[in-house]
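Asks: I'd like to ask you about the structure that follows.
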Amino acid sequence: MEPLKVIITGPVGAGKSTLIRTLSETEVVDTDAAASEDIGKAMTTVAMDYGTLHLGDQLLYLFGTPGQERFDFMWDVLTEGALGMLMLVRGDRPEDLGPARRMLDYLLSQHPVPHVVGVTRQDRPPVWGPEEVALFLGLPKERVVGLNATDPKSAVQPLMRLLELMLAEEESRS
């Protein structure tokens, strides 16, 4: 099987780098730098994160985008050739959902691929759950999955759902 390129995207602090570090079977390539403005954390991704993961026999190349809009030029660069997208949003920061929706709409308008939204921090209540986020974003609830990005068993769940969608789309094109 050919490897599948998957984009992990979302607002600043959603858990993109953490998810890739949690799941990657190879050493993660990252471009973290000290944050030059107050974004709620000391380090931030300025270009990309990269890791790999096998789900069964399928190899996934995981490319994480920067979350800050000032690095949005990297979104199109990284999504080129992607076959699926996982958008992460923090369940404890509902104020990020509007910007996440705009980001998702933009990326899907440029790169229409199967996509899933992962709602992070489900291990830290009180948080918005997947059903609430699906309702807010206007997505079918089966496209929104709750997760803890630091727990491998939990972090892999949205990627498993995404792989199902990607393979179904591939079959429908055949």
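Asks: From the phi angles alone, apply the Karplus equation (6.51, -1.76, 1.60; θ = phi - 60°) to the range 107-120 and give each ³J(HN,Hα) in whole Hz, x where the residue is Gly or Pro.
Replies: Result, ordered by residue: 4, 6, 5, 8, 9, x, 9, x, 8, 9, 10, x, 9, 7 Hz.
Asks: Quick one: which residues, 5 or more positions from Leu88 or on another chain, have an amide H under 5 Å from its amide H? H modelled 1.01 Å from N in the peptide plane, none for Pro or chain starts.
Replies: Thr9, Gly10, Gly118
Asks: Among the DSSP beta bridges whose two residues both lie in the chain, what percent are antiparallel, rounded to the nearest 5? Show your work: numbers first, answer last.
Replies: On the way: 12 of 30 bridges.
If we restrict to bridges inside the chain, about 40 percent are antiparallel.
Asks: Sorted by packing (mean other beta-carbon atoms within 10 Å per residue), highest first, where do 14-24, 53-63, 117-127, 163-173 land? Walk me through the intermediate numbers first.
Replies: Numbers: 14-24: 23.0, 53-63: 15.9, 117-127: 19.3, 163-173: 13.3.
Top of the packing list down: 14-24, 117-127, 53-63, 163-173.
Asks: Can you list the residues, at least 5 places off or on another chain, whose amide H is less than 5 Å from the amide H of Lys5, using H built in the peptide plane?
Replies: Those qualifying (amide H under 5 Å, at least 5 residues apart or on another chain) are Tyr61, Leu83.
Asks: In the chain, what percent of the accessible surface is made up of carbon and sulfur (1.4 Å probe, ligands and nucleic acids excluded)? Don't jump to the answer; show the numbers that get you there.
Replies: On the way: 4520 of 8500 Å².
On the chain, the fraction of accessible area on carbon and sulfur atoms equals 53 percent.
Asks: Using alpha-carbon pairs under 8 Å, 6+ residues apart, how would you state the relative contact order of the chain in percent? Let's see the in-between values first.
Replies: Values: 348 pairs, mean separation 39.8, N = 174.
Across the chain, relative contact order equals 23 percent.
Asks: What is the spread of the Cα atoms of the chain along each of their three principal axes, largest first, in whole Å?
Replies: If we take the Cα atoms of the chain, the spans are 47, 33, 31 Å.
The values are calculated or read from the model by the stated rules, or taken from the named source; none is laboratory data. Computed from a prediction, not measured in an experiment: that's the story for all the values here. Note that we place each Cβ from the backbone using ideal geometry, even for glycine, and neighbour counts take in every protein chain shown. Keep in mind that these areas ignore ligands, DNA and RNA; they rest on the heavy atoms of the full protein, side chains included. Shrake-Rupley method; radii C 1.70, N 1.55, O 1.52, S 1.80 Å.
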